[in-house]
Amino acid sequence: MTVDLEAYFRRIGFSGAHAPTRATLDALCLAHVKAIPFENLDVLLGRGVDLSDEAIDRKIVHGGRGGYCFEQNTLFFRVLTALGFDTHLVSARVRLQRPRDFTPPRTHVFNVVSLDGERLVADVGVGGLSPTSSFRLDTDEAQATPHEPRRIVREGALLFHQVKLGDTWSDVWESTLEAMPPIDREVANWFTSAHPQSHFRNRLLAARALDDGGRVTLLNRELTIRTRTSAETTTIADPEALLTVLATHFSLHFPAGTRFEGPPFEWSATAR
């Protein structure tokens, strides 16, 4: 449960107040999602993902890397707890670009923070749409963030986190607010990092938030830079160009010659 707060604050470039307030929580969410990329590169390098506190700190806090939800939101949980926030980790099913008649695996975890009589979602690990502030859980009202608007829609026992992209509300995840203890995270992490049908085994994803409401996202060989009003996508030509993109846009540095596994990276002979 311990965490080196000063090292974490340096990692995300945070120099604000430390009191457990909504302002502090929102400032941490924004700084974290801007500084620490969401990424699944260790899966595509065949290294697996170690969820121990020591491994996460070594990789993200001290190693300059990112990670996915089980790494990022459990790190955030330890940070918030150390600062005096009342928070707990909750499971969810990711629904991005998935129809309602499809049941995805329960492979997401996020923080629910109880503060001043309200419950707040703090989720710094949901890919290219990680919220850049907290938002209230117990209302269906649209809520502004520094990036996209968010809302919670209730349907029976299910809560759907939705994001507004343009004029359309889209599902991000669904949850029953069931707690996700370490053993459940370990099982889900095995699926996401090792199962042949896990999308993290079959595509590369890196993402982080930018200033002024923008985001940069890498999906396989497609790099997209978004502003509030436009998006520009470029295709990466070869393996070395991919390493340059990772270093330039995500501060993720790998030795020359590094190659990622999976169908999207079966480069032509001339690109090897």
Item to check | Segments classed as strands (runs of 3 or more DSSP E), wholly inside region 74-174, with at least 2 members that are in contact (Cβ under 8 Å) with a residue 24 or more places away in the chain, out of contact with any Asp or Glu (no Cβ under 6 Å at 6 or more places or on another chain) and surrounded by fewer than 20 Cβ atoms within 10 Å (Cβ to Cβ) | outcome: 86-94, 108-115
Next on the checklist: I need the full set of residues from region 222-272 which are surrounded by 15 or more Cβ atoms within 10 Å (Cβ to Cβ), within 29 Å of T145 (Cα to Cα) and modelled with pLDDT of 95 or more, in order please.
Outcome noted: L223, T224, I225, V245, L246, H249, F250, L252
Checklist entry - When region 58-94 is examined, which residues are found to be in contact with a His (Cβ under 8 Å, 6 or more places away or on another chain) and on the phi > 0 side of the Ramachandran plot? => result G64
Checklist outcome for this item: Inside region 177-216, the number of residues satisfying the requirement of being assigned to a loop (DSSP other than H, G, I, E, B), within 17 Å of D123 (Cα to Cα) and not aliphatic (A, V, I, L, M) is 2
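Report whether or not R208 is out of contact with any Pro (no Cβ under 7 Å at 6 or more places or on another chain) and either of a type in the set (S, T, N, Q) or touching a residue at least 12 places away in the same chain (Cβ under 8 Å) (or both).
Numbers: out of contact with any Pro (no Cβ under 7 Å at 6 or more places or on another chain): no; either of a type in the set (S, T, N, Q) or touching a residue at least 12 places away in the same chain (Cβ under 8 Å) (or both): yes.
No, not satisfied.
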Checklist entry - Does region 220-232 contain at least one residue that is within 24 Å of A194 (Cβ to Cβ) and of a type outside the set (K, R)? => result yes
Next on the checklist: I need the full set of residues from region 177-190 which are of a type outside the set (G, A, S) and farther than 18 Å from T87 by Cβ, in order please.
Outcome noted: I183, E186, V187, N189, W190
Item to check | Among the candidates D42, D4, residue that is more than 20 Å from T87 (Cβ to Cβ), touching a helix residue (DSSP H, G or I) at 6+ places or on another chain (Cβ under 9 Å) and charged (D, E, K, R) | outcome: D42
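The values are calculated or read from the model by the stated rules, or taken from the named source; none is laboratory data. In this text, all values refer to a predicted model and were calculated from it rather than measured experimentally. Don't worry about glycine lacking a Cβ; one is built from the backbone with ideal geometry, like all the others, and counts go over all protein chains shown.
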